[in-house]
Structure formats: C-alpha cells, structure tokens
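Reading through the structure tokens given below for one structure.
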Amino acid sequence: MRAFFSDDQLLHQPRQFMRAGRLCEPTDVPARAAALQGALAGRGIALAAPPDYGRAPLEAVHSPAYLDFLEQAYADWQGLAKPGFTPGIEVLPNLSPYHNGRIEQGRRPPCPADSVIARAGYYLGDLSCPLGPDSWRAILRSAHSAVAAAQHVCEPQHRCGLAYALCRPSGHHAHSDRAAGFCYVNNSAIAAETLLKRFGKVAVLDVDAHHGDGTQQIFYQRADVMTISLHADPSGYYPFYSGYAHERGYGAGYGYNLNFPLAHGTEDAGFLAALDSALDALRDYRPQALVLALGFDTYMHDPISVLRLGMDAYRGIGARINALGVPAVVVQEGGYEVDAIGLALDAFLSGFMPVAA
C-alpha cells in the first residue's frame, strides 16, 4: 500500500467558521493530519509527497474561473484595504446569489462581476470555507495527493491494490464551481477522473457522515462514474438540500447515482447493513476501479456527527472494500475528533489488510 501527503497541506489554517449564527473555532485543524499520519506510521506505511501536477487535473473537474478565484482571492481581498477600512482576516462571503438548481443546466457561467466580494459570494457556498494567505497552496497539494494515489493504482503492477490519499482540506462538498463544507476542490472526483484515463468505469463510494453533494453534482449526468453515498438523513443535517433517495441522476446519468440516507443515531449494524445494500448495487455496475471517500465524522463522539459508529464499523468497511477485489483509492474526507481519527484509520486498515503491511 502507498500513501500520499504533502506538508504544504498544513498551510491551510482557518481561523473561523459560522455555525448556527456564531463564529466558532475551526474544526478542520492541521492536527487532524498529524493524527492520521501517526496511524500510518504505526503500520509502517510511509507517506510520499505527491508530484506537483499543477492545475491540469483540477481543471478536469472544476471550471477555470473558479480555480482562478481560489488562487487569487486572498490577494484580491487584501487589496480592499483603504484608509478607514480593513477587510476581514480571511475571505468570506457576505452575499449569496440565487441559483434555481436546475440539474439540466450543468455548470454555471463564470461570475459576471469582477469584485472579489461578488466572486466570494458566487464561489463560496457557505461560511465554513474561509480562504487565508496559504489556503490555495494547501488546496492544490491536497488534490495532488489524490492524483498521485489514483495514478499509483493505475500502474499495471498495482491494479489490485490500495492507495491512500491523506487529503486535507477535504473535498466531497466541492461542486464544479463552488466551495462548501470545509471543501474547496473535489479530491474524490479528481481521483475518479484520473482513474478514467486507464479504466472504463469507475465508482465513487462515499461513507462520510455528510452527503457528498459536490461529487453528486459533478457526475450527475454521467454513466462512466457511479456515485453512491451513505450519510445521515439530510432533512436535519448538512448539506440539507441534497442527499435524498429519489436523486438518481439525470439524462445519461439516470440510475448511476444512489443515496442511502440514514436515521440519526444509526449505529454499526445499521450502517453496515446499508453498506451491504450499496455494495450490491455497486457490484451490479461492475466498476473497474473504486474511489472510497472515507470520513470518520460518523464516529459516535465526533463533535459534529449525528451517527453513532464505533471502531468495529471501520473494520467492517475495510473488509468489505477489500472483498470487492478492485483497485481502490481511499481519499480522506471528514473526521474532527482528533483523538479518534487515527484509531479509526487503523481500524479501517486492519479490516482491509488483516495482516499488517
């Protein structure tokens, strides 16, 4: 097994996010990465820094105008300063344009206004995605970790193996042209696009506590990538507006998107039963490669979870993914109980690799 991570991913150090009308201390802290690194080290799995692929792999998923915004926003934000006015410490939106959500429209056009305030409102979907001075570099390198992991399993000698991308910031809430939910670019979608260069059909299986709404949006009209998400019932949980069972895809993609919303309070047995149903559908699709969007905010003591999973669930996930027998790229998503996420990753790996690597 190979694992990928760049120290540049630690440069993103958000200082605030909005929760229920209060600016709070951030939960996506660099210490999350250290906890996951510790779990890998305990199994003798070394982390390799990914090559610098530039923006090209990101542009396979995201609009160039959106990526331009992410790259330039902080400098433009600082440019708002003038006598008597100092902008906030990070880029955050103070408006939100109306979007009718018509799925047949695909991507929105670029933001029609040049103002960084207008672009922040257009491209940042909520108040959990602040952009600081070094955020872009961390975002870019997080995506590169996903690309490197995908390229690893594309190599003929590794096509039955596992690669792990320690992605931080996470990505599954990022739409083709919008950041949301601590996510800026969609690492799982970028990994899937990379796999498609070698494999005819790919699946993305998301087991984070939150619906992978960005991943769904990116592939909703396509049949070459099946998207399946297990998550807490969104009627009372982020992202609220998507993740319902009736959302099946559109056009050529109809039938290739599946959501399994779970009752709040679901424990190991209920989660694994839903996962077994999801895997039945995935086997029918017969993907040649898999992206597993792996979140640990399903853990019972996670500060923002409404599910109640224990470590046995993560071992069960690992064993089931191993049993699929297809090349797999694991992309790290959420998980904010720093003292537990390393244990959760170790439990997943113990299920996938019963004998230590």
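Checking each residue in region 237-250 for being surrounded by 12 or more Cβ atoms within 10 Å (Cβ to Cβ), of a type outside the set (D, E, K, R) and either farther than 16 Å from HIS211 by Cα or more than 19 Å from the chain's Cα centre (by Cα) (or both) picks out GLY249, TYR250.
Please enumerate the residues belonging to region 93-139 that are within 16 Å of HIS173 (Cβ to Cβ), part of a loop (DSSP other than H, G, I, E, B), touching a Leu at 6+ places or on another chain (Cβ under 7 Å) and in contact (Cβ under 8 Å) with a residue 40 or more places away in the chain. Across region 93-139, the qualifying residues are LEU127, PRO130.
In region 5-27, the residue that is farthest from GLY132 (Cα to Cα) out of those that are in a loop (DSSP other than H, G, I, E, B) and touching a strand residue (DSSP E or B) at 6+ places or on another chain (Cβ under 8 Å) is PHE5. Of all the listed residues (ARG137, ARG168), the sole one being in contact with a strand residue (DSSP E or B) (Cβ under 8 Å, 6 or more places away or on another chain) and either buried (at least 24 other Cβ atoms within 10 Å of the Cβ) or not polar (S, T, N, Q) (or both) is ARG168.
Please work out if PRO239 is in contact (Cβ under 8 Å) with a residue 60 or more places away in the chain and either in a loop (DSSP other than H, G, I, E, B) or over 23 Å from ALA328 (Cβ atoms) (or both). Yes, satisfied. Filtered by the rule that a residue be surrounded by 24 or more Cβ atoms within 10 Å (Cβ to Cβ) and without any contact (Cβ under 8 Å) to a residue 60 or more places away in the chain, region 182-201 gives a lone residue, CYS183. Among the residues of region 322-348, just one is assigned to a loop (DSSP other than H, G, I, E, B) and touching a Lys or Arg at 6+ places or on another chain (Cβ under 6 Å), namely PRO327. Can we say GLY325 is touching a residue at least 60 places away in the same chain (Cβ under 8 Å) and over 20 Å from the mean Cα position of the chain (by Cα)? The answer is yes for GLY325.
The residues on offer are ARG283, ARG320, and the sole one that is among the basic types (Lys, Arg), on the phi < 0 side of the Ramachandran plot and surrounded by 17 or more Cβ atoms within 10 Å (Cβ to Cβ) is ARG320.
Laboratory data are not the source of any read-out in this text; all were calculated from the coordinates shown. This structure is a prediction, so every number in the text was calculated from the model and none was measured. Cβ atoms come from the backbone with ideal geometry, glycine included; neighbour counts cover every protein chain shown.
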